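The values are calculated or read from the model by the stated rules, or taken from the named source; none is laboratory data. This structure is a prediction, so every number in the text was calculated from the model and none was measured. No Cβ is skipped: glycine too gets one built from the backbone with ideal geometry, and neighbour counts run over all protein chains shown.
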Amino acid sequence: MTRSDAIHAASAAPIGVFDSGIGGLSVLRALRAELPQESFVYLADTGFAPYGERGDAFVRARTEAITAWLKAEHHIKALVVACNTATAAAIHDLRERYPGFPIIGVEPALKPAVAATRTGRIGVLATRGTVASAKFARLLANLQAQAEFIVQPCAGLARAIEHSVEPGVPGTQSRAEVEALCARYLDAMRPFGTQPGAVDTLVLGCTHYVFAEAVLRQLAGPAVRLIETGMPVARHTRRLLAQADALAAHAPADVYLLTTGHPQWLQAAATRWLKAGAPRSATRVHIPNPTQAAAPHLAASALLHGST
Ligand code: DGL
């Protein structure tokens with residue numbers, strides 16, 4: 001194969017996108033808008049969610065297993081880790097393991113929030129795992145002189161949003177759970193608004209929370225700016241692919257939906273949130289959890305160091 005054949009083959013390959021569940025669809029939506037000619041393989045690791053309430057070693061092991069699987073089974077040309085929790089826990093190790101392979105992560109948009117705030121008070125909603133991570137602590141430390149951050153770990157919210165698309169559960173019941181959690185977490189950072197001392201900017205530091213945007217907007221009020229990361233991540237992905245000369249030219253764009261959980265959940269979420277062009281079916285896949293085979297810490301570390 002000549003070099004130009006190799007680049008051409010790589011260009012037609014899909015981009016892998018994964019999250020612990022349906023949250024990463026908010027990033028996929030932006031990716032498809034920015035890169036309409038690209039094909040995507042979206043993996044929802046719902047069978048092992050929520051990541052935000054597990055330890056770092058567990059999330060790192062899942063991230064590593066999924067990346068290896070997507071590369072081997074789908075020959076992905078790049079990976080978007082569409083999950084703040086997995087990015088915080090695992091992206092450093094992943095980049096070390098696959099040098100030269102384009103890996104794009106997401107992190108809570110604190111810098112754009114600093115640029116946007118007028119009152120200097122910023123609310124941050126994220127999972128327990130993200131908030132507890134060293135990566136987030138560094139990000140926060142670098143910006144703390146420029147604004148006041150009220151950081152709220154939101155236990156249970158990603159799971160409630162996940163359940164809100166569960167077929168068979170009445171819409172009103174699942175919406176009530178999301179609303180109650182959002183109200184509880186936003187109450188901890190009031191007041192909201194544009195007056196001095198109020199929170200005027202809210203960072204959605206988990207990709208799931210984008211799908212609770214309407215509820216959050218209603219609770220926080222129209223003056224508060226909600227900041228998420230889908231579009232900046234999509235633009236960054238385009239830049240990295242262009243640098244690698246790996247943008248698809250005229251490839252027919254496909255989206256494959258895969259899940260380690262219930263295909264109907266992912267299907268329902270994609271139909272609701274991807275709208276036009278949402279794939280008609282999702283497929284269940286099995287990506288073994290290394291913690292099933294051995295003691296969790298042993299299995300995770302063996303996997304990360306490539307000795308299995
Ligand atoms: N969507 C993920 C994130 O962005 C995490 C959800 C979970 O806790 O599984 O952090």
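Scan 125, 186, 181 and give me the residue that is assigned to a helix (DSSP H, G or I), out of contact with any Pro (no Cβ under 8 Å at 6 or more places or on another chain), within 16 Å of the ligand (Cβ to nearest atom) and under 22 Å from residue 217 (Cα atoms).
None of the other options fit; the residue is 181.
Considering only segment 45-55, I want to know if a residue exists there that is within 20 Å of residue 283 (Cβ to Cβ), in contact (Cβ under 8 Å) with a residue 12 or more places away in the chain and not in a helix (DSSP H, G or I). Working first, answer last.
Our first condition is that a residue be within 20 Å of residue 283 (Cβ to Cβ); within segment 45-55, this holds for 45-49.
Adding the requirement that they be in contact (Cβ under 8 Å) with a residue 12 or more places away in the chain leaves 45-49.
When the remaining residues are screened for being not in a helix (DSSP H, G or I), the result is 45, 49.
The answer is yes; a qualifying residue exists.
Residue 216: over 15 Å from the mean Cα position of the chain (by Cα) and either surrounded by 15 or more Cβ atoms within 10 Å (Cβ to Cβ) or acidic (Asp, Glu) (or both), yes or no?
yes
Is it the case that residue 120 is at pLDDT below 95 and more than 15 Å from the ligand (Cβ to nearest atom)?
On the way: at pLDDT below 95: no; more than 15 Å from the ligand (Cβ to nearest atom): yes.
So residue 120 fails the test.
Only one of 128, 159, 118 is more than 17 Å from the chain's Cα centre (by Cα) and among the basic types (Lys, Arg); which?
Exactly one of 128, 159, 118 is more than 17 Å from the chain's Cα centre (by Cα) and among the basic types (Lys, Arg), namely 118.
Can you tell me which residue is modelled with the highest pLDDT among those in segment 140-168 that are among the small types (Gly, Ala, Ser), assigned to a loop (DSSP other than H, G, I, E, B) and under 16 Å from residue 216 (Cβ atoms)?
Restricting to residues being among the small types (Gly, Ala, Ser), assigned to a loop (DSSP other than H, G, I, E, B) and under 16 Å from residue 216 (Cβ atoms), the top hit is 156.
Would you be able to say whether some residue in segment 157-170 is touching a strand residue (DSSP E or B) at 6+ places or on another chain (Cβ under 9 Å) and away from the ligand (no atom under 16 Å from the Cβ)?
no
Kindly list, by first and then second residue, each pair from a residue in segment 83-110 that is within 9 Å of the ligand (Cβ to nearest atom) to a residue that is acidic (Asp, Glu), limited to pairs with Cβ atoms under 8 Å and residues at least 6 apart or on different chains.
The qualifying pairs are 83/19; 84/107; 86/19; 87/107; 88/107.
Checking the structure you have, find out if any residue of segment 192-209 is β-branched (Val, Ile, Thr) and within 14 Å of the ligand (Cβ to nearest atom).
Within segment 192-209, the first condition is being β-branched (Val, Ile, Thr), and the residues that meet it are 194, 199, 201, 203, 207.
Keeping just the survivors that are within 14 Å of the ligand (Cβ to nearest atom) gives 203, 207.
Yes; the residues of segment 192-209 include at least one that is β-branched (Val, Ile, Thr) and within 14 Å of the ligand (Cβ to nearest atom).
Among 101, 136, which is aromatic (Phe, Trp, Tyr), crowded, with 23+ Cβ neighbours inside 10 Å and in contact with a helix residue (DSSP H, G or I) (Cβ under 9 Å, 6 or more places away or on another chain)?
Of 101, 136, the one residue that is aromatic (Phe, Trp, Tyr), crowded, with 23+ Cβ neighbours inside 10 Å and in contact with a helix residue (DSSP H, G or I) (Cβ under 9 Å, 6 or more places away or on another chain) is 136.
In segment 16-32, how many residues are assigned to a helix (DSSP H, G or I) and not hydrophobic (A, V, I, L, M, F, W, C)?
Count: 3.
Please indicate, with yes or no, whether at least one residue in segment 56-78 is more than 20 Å from residue 233 (Cβ to Cβ) and outside any helix (DSSP H, G or I).
yes
Scan segment 196-224 residue by residue and report those that are closer than 20 Å to residue 130 by Cβ and among the charged types (D, E, K, R).
Within segment 196-224, just 213 meets the criteria.
Is it the case that segment 211-224 has a residue that's over 28 Å from residue 153 (Cα atoms) and assigned to a helix (DSSP H, G or I)?
no
Just need a number here: residues in segment 59-79 that are within 12 Å of the ligand (Cβ to nearest atom) and either of a type in the set (Gly, Ala, Ser) or touching a strand residue (DSSP E or B) at 6+ places or on another chain (Cβ under 8 Å) (or both).
Going through segment 59-79 one residue at a time, the tally reaches 1.
For residues that are farther than 20 Å from residue 160 by Cβ, of a type in the set (A, V, I, L, M, F, W, C), assigned to a helix (DSSP H, G or I) and touching a residue at least 60 places away in the same chain (Cβ under 8 Å), tally how many sit in segment 229-266.
The first filter runs over segment 229-266 and keeps only residues farther than 20 Å from residue 160 by Cβ, leaving 229-258, 263.
Cutting the leftovers down to of a type in the set (A, V, I, L, M, F, W, C) gives us 231, 233-234, 240-242, 244, 246-249, 251, 253, 255, 257-258.
If we keep only those that are assigned to a helix (DSSP H, G or I) too, we end up with 231, 233-234, 240-242.
Cutting the leftovers down to touching a residue at least 60 places away in the same chain (Cβ under 8 Å) gives us 231, 233-234, 240-241.
Within segment 229-266, residues that are farther than 20 Å from residue 160 by Cβ, of a type in the set (A, V, I, L, M, F, W, C), assigned to a helix (DSSP H, G or I) and touching a residue at least 60 places away in the same chain (Cβ under 8 Å) number 5.
Starting from segment 267-291, take each residue that is touching a residue at least 40 places away in the same chain (Cβ under 8 Å) and within 21 Å of residue 214 (Cα to Cα) and list its partners that are of a type in the set (Gly, Ala, Ser) and assigned to a loop (DSSP other than H, G, I, E, B), counting only C-beta distances under 8 angstrom and pairs at least six apart or across chains.
270/278
Within the set of pairs 6 or more residues apart or between chains, which connect a residue that is at positive phi inside segment 61-75 to a residue that is part of a helix (DSSP H, G or I) with Cβ atoms less than 9 Å apart?
Listed by first residue and then by second, the contacts come to 75/9; 75/10.
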